[in-house]
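What follows is a set of notes on a single structure, which appears directly below.
Derivation of every value follows stated rules applied to the coordinates shown; laboratory data play no part. What you see is a predicted model, and the numbers here were worked out from it, not measured in a lab. Using ideal geometry, Cβ is built from the backbone for each residue, glycine included, and neighbour counts are taken over all protein chains shown.
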Amino acid sequence: METLIANLSTGFGAVLALEPLTILGMSFNLPMNLAYCFIGAVIGTLIGVLPGLGPVATIAMLLPATYALPPLGVLIMLSGIYYGAHYGGSTTAIIVNLPGETSSVVTCIDGYQMARRGRAGVALSTAAIGSFVAGCAGTLLLAAFAVPLAEVAFKFGPAEYFSLMVLGLIGAVVLASGSLIKAIAMIVLGLLGGIIGTDVNTGVSRYAFDIPELADGIGFVAVAMGVFGFAEVMTNLEQKEHREVFTNKVTSMFPSKDDFKRMFAPIVRGTILGSVLGILPGGGAALASFGAYSLEKKVSKNSAEFGKGAIEGVAGPESANNAAAQTSFIPLLTLGIPPNAVMALMVGAMTIHNIQPGPQVMTSNPQLFWGLIASMWIGNLMLVILNLPLIGMWVQLLKVPYRMLYPAILMFCCIGVFSVNNNSFDVLITVLFGVLGIMFIKFASEPAPLLLGFILGPMMEENLRRAMLLSRGDPTVFFTRPLSLTMLIMAAALLAIIALPQIAKRREETFVEE
Amino acid sequence: MSLAAHRLTRAAAAAPRLMRTALAVAAGVAAFGAGTAHAQAYPNKPVRIVVPFAAGGPADIYARAVAQYLGDELKQPFTVDDRPGGGSLIGTDIVAKSPPDGYNLLLISNTHTVNETLYAKRPFTLMKDFAPISPINIAYLVMVVNPSTTIKSVPDAISQAKAAPGKLNYASSGSGTPYHMAGELFKAMTKVDITHVPYKGSSGARTDVIGGQVQMMFDSVSTMTPFIKQNKVRGIATTGKQRDPILPELPTVADTVPGYTAEIWLGLMAPAKTPQVIIDKLNGEIQKMVQTPAIRDTWAAQGASPMVMTQNTFTKYLNDDIAKWAKVVKISGAKVE
């Protein structure tokens with residue numbers, strides 16, 4: 001407990017540290033990290049409010065721009081975008097009945113109904129309170145479990161890592177929304193793309209066709225920006241702009257005593273469920289909010305009211321998605337393994353700054369590690385302050401025409417990709433993946449598993465071969481080491497579950513439902 | 001104008017074939033700019049130092065120190081351009097194809113001398129396509145083992161490896177890196193069999209030695225010292241000719257294996273045919289820099305010592321180094337296609 005407090009004070013110290021900044025020849029001492037946190041929260045809310053543009057696309061597009069910033073500032077800002085987007089997403093869901101984010105799809109159901117009944121203000125503050133409570137709880141969990149988990153992580157050898165990644169990839173398939181076959185296809189495609197470049201063990205170059213730019217593989221930033229950024233922006237242009245805005249209905253923000261009583265249990269349940277689902281590979285905020293909604297619908301006394309403006313239907317999912325957003329940092333920061341696409345982008349952000357994510361980050365960069373965690377608390381607080389009074393302003397944003405917004409975004413993307421390696425080849429790769437990304441959207445194939453395959457594939461191969469090298473070619477090593485065996489059994493169990501016909505049918509229903 | 005021309009050359013060097021034609025015109029302008037530049041004293045426009053390694057690594061950091069010093073002394077900005085990848089081949093090739101006008105320089109390390117034998121196919125030959133300018137500094141490595149092993153000294157390591165050939169493993173930050181070559185040289189000189197386990201970057205390798213997945217590795221003295229002090233790893237020996245000032249309590253590998261040294265050195269080269277006047281000027285400045293007491297002290301704290309050499313001594317040093325690693329690479333059987 002004492003070390004936890006000491007660690008957190010290191011973190012707060014790092015976030016609040018004053019740094020000199022020169023503006024127009026004048027020098028100021030400013031808490032720059034606090035500023036990055038604020039910028040992240042604002043950008044996050046902004047893109048959360050705008051339907052179509054999500055945190056994955058935004059972070060992908062901002063990656064190259066972060067090159068010039070200090071690593072802690074970058075991570076603080078990017079994570080601010082991530083959890084900020086969930087706050088913003090619920091605003092659009094409640095007021096316009098459009099999910100700003102996939103994670104706020106379910107919030108539309110009861111949130112919008114509440115707004116139509118004149119309770120938009122209450123719905124918004126419920127979402128904010130739920131998110132804040134869950135965000136704090138998730139951050140506390142992250143702080144408490146980071147040290148013990150990182151200790152365990154040092155016991156992880158190549159065999160354990162390999163088995164963990166097998167589990168992760170199978171998890172990504174099972175939990176992906178939409179068609180199972182397509183999810184598998186996307187992962188395999190990602191794996192294939194990931195092995196382009198020089199093989200670590202033998203130095204043989206694979207699929208590089210003697211192009212030196214391909215010798216180190218396809219740049220992750222280029223792929224992520226193409227598949228998410230370019231593709232999302234371009235397909236969004238096809239949609240007709242058609243929005244009905246509900247701002248004049250935002251009247252009383254304060255929930256009544258009865259409202260508080262009704263939201264308490266759903267917030268607690270949502271936080272717990274979200275925290276668990278956030279840690280799981282392939283999970284994350286969207287799954288958490290779906291899960292929490294179905295849970296509330298089942299256990300609530302007022303289940304008849306669901307779909308007609310039940311406050312539980314807002315409190316549960318909103319807490320769950322924010323808790324999951326925080327806890328999904330746990331596997332990234334302790335094991336160096338990204339559980340979802342946003343975390344995969346964080347790996348990219350860390351590698352750009354020459355920080356190899358993994359258990360050693362905590363010891364080698366304690367300020368970075370605890371600073372990031374401390375910033376999440378501050379960020380969550382900022383978001384509550386930012387969101388409630390400024391809702392009117394955010395809604396105005398929905399009136400900026402896409403035809404002006406999107407071309408500007410595309411241009412900045414190109415500049416960004418070029419600046420990572422000062423290489424125009426990367427821009428061509430981005431465009432190529434942008435076209436691929438549009439095809440994926442047309443074929444209704446979710447690109448997130450592709451990105452996970454792309455990141456995890458090379459890591460998995462490296463660890464497989466390293467494990468085999470250390471065991472001198474004996475494959476039983478994966479089954480004789482207890483941790484590794486446990487994870488392989490879990491992976492097999494997941495596969496078995498998904499193969500059961502009833503479950504497969506239920507799965508389709510869950511994702512089709514809302 | 002010359003700055004703009006300079007930027008265009010940069011773009012031309014990196015551009016894929018499709019764009020080359022379009023940029024040929026720009027390159028012509030750049031060449032014109034370079035031609036007029038010779039008339040005046042060098043340097044009269046910004047100079048680029050290409051670092052073919054990752055940003056933030058030791059090579060990048062020392063290159064920036066050199067760039068800062070040269071910029072202050074020669075009154076022109078020296079910019080560092082990190083072009084990592086392809087085991088340093090990508091960035092190196094960019095300079096090989098740059099005009100030999102003194103405005104494109106290359107930071108090199110023993111990765112380059114090893115690559116001469118390691119890579120069967122290279123787009124350039126180091127001693128033919130480049131002219132040596134000056135070495136910068138040299139740092140030695142430390143041999144560490146996981147504390148749970150019974151290896152307490154270099155003789156222990158040799159006897160355990162001899163007793164059970166192929167049982168021990170050593171980690172490295174990748175094939176062909178100085179850390180890998182330090183291990184291969186150790187194996188070649190002691191005639192023992194220890195399995196090489198390559199990683200992508202040294203932090204993964206370090207984690208696995210601390211975690212006990214791999215028994216030993218060679219790593220830089222400055223990064224490993226905190227882990228040795230915290231007893232996360234056991235320091236066995238350093239790889240210089242004398243004991244290392246940062247870890248004076250450790251013996252040298254050479255105490256047991258006479259003649260063994262393993263190091264990482266950095267230096268500067270320019271495209272072949274760069275005017276000798278410019279090379280001499282740069283050699284003079286860098287040699288002045290590395291012998292400045294303040295710089296010497298800062299580097300000493302980081303485990304690096306200055307290398308004092310004329311251009312001719314450096315040329316001989318490079319040729320010797322290429323020959324030394326060629327032997328080790330051949331014995332180890334390492335090769336990169």
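See the values below:
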| item | result |
| --- | --- |
| Relative contact order computed over chain B (Cα-Cα under 8 Å; 6+ residues apart), in percent | 22 percent |
| Segment A:L18-A:L390, length gained on full extension (0.36 nm per residue, minus Cα span) | 131.1 nm |
| Alpha-carbon centroid distance for the pair region B:67-94 / region B:229-285, whole angstrom | 21 Å |
| Per-residue [θ]222 nm for the protein assembly as shown (sum of -39500 (n - 2.57) over DSSP H runs n ≥ 4, rounded to 500) | -20000 deg cm²/dmol |
| Amide H contacts of B:A131 (H built 1.01 Å from N, under 5 Å, at least 5 apart or other chain) | B:A270, B:A272 |
| Two-site label geometry, A:F264 and A:D474: point separation in nm, points 7 Å out along Cα→Cβ | 5.9 nm |
| Antiparallel DSSP beta bridges within the protein assembly as shown, percent to nearest 5 | 65 percent |
| Interchain or long-range residues, amide H under 5 Å from B:N137's placed H | B:L266, B:M307 |
| Candidate lysines - alpha carbon under 30 Å from B:K121, same-chain residues fewer than 8 apart omitted | B:K97, B:K187, B:K191, B:K200, B:K273, B:K316, B:K324, B:K327, B:K330, B:K335 |
| 15 Å beta-carbon shell around A:A153, net charge (K/R +1, D/E -1) | +1 |
| Simple label model, 7 Å out from Cα along Cβ direction - A:L485 to B:D320, nm | 5.6 nm |
| Backbone HN-Hα couplings from phi across region B:259-275 [Karplus 6.51/-1.76/1.60, Hz, Gly and Pro as x] | x, 7, 9, 9, 8, 10, 10, 10, x, 10, 10, 10, x, 3, 6, 5, x |
| Label-zone membership for region A:469-487, site A:K155, 7 angstrom Cα→C-beta point, backbone N under 14 Å | A:481-487 |
| Mean Cβ count within 10 Å, highest first, over the residues of peptides B:91-101, A:298-308 | B:91-101, A:298-308 |
| Mean projected area (nm²) of the alpha-carbon convex hull when chain A is viewed from all directions | 25.0 nm² |
| Over region B:140-255, relative contact order from alpha-carbon pairs under 8 Å, at least 6 apart, % | 37 percent |
| Whole-Å semi-axes of region B:222-331's equivalent ellipsoid (Cα gyration tensor) | 31, 20, 11 |
| Protection-proxy order for peptides A:373-385, B:320-332, each taking the mean of Cβ atoms within 10 Å per residue, highest first | A:373-385, B:320-332 |
| Amide proton proximity set for A:A208, modelled H, under 5 Å, gap of 5+ | A:G197 |
| Relative exposure of B:Y317, B:Y62, judged by other C-beta atoms within 10 Å (fewest first) | B:Y317, B:Y62 |
| All-pairs alpha carbon distance profile, region B:133-266, 10 Å steps from 0, percent | 13, 48, 34, 4, 0 |
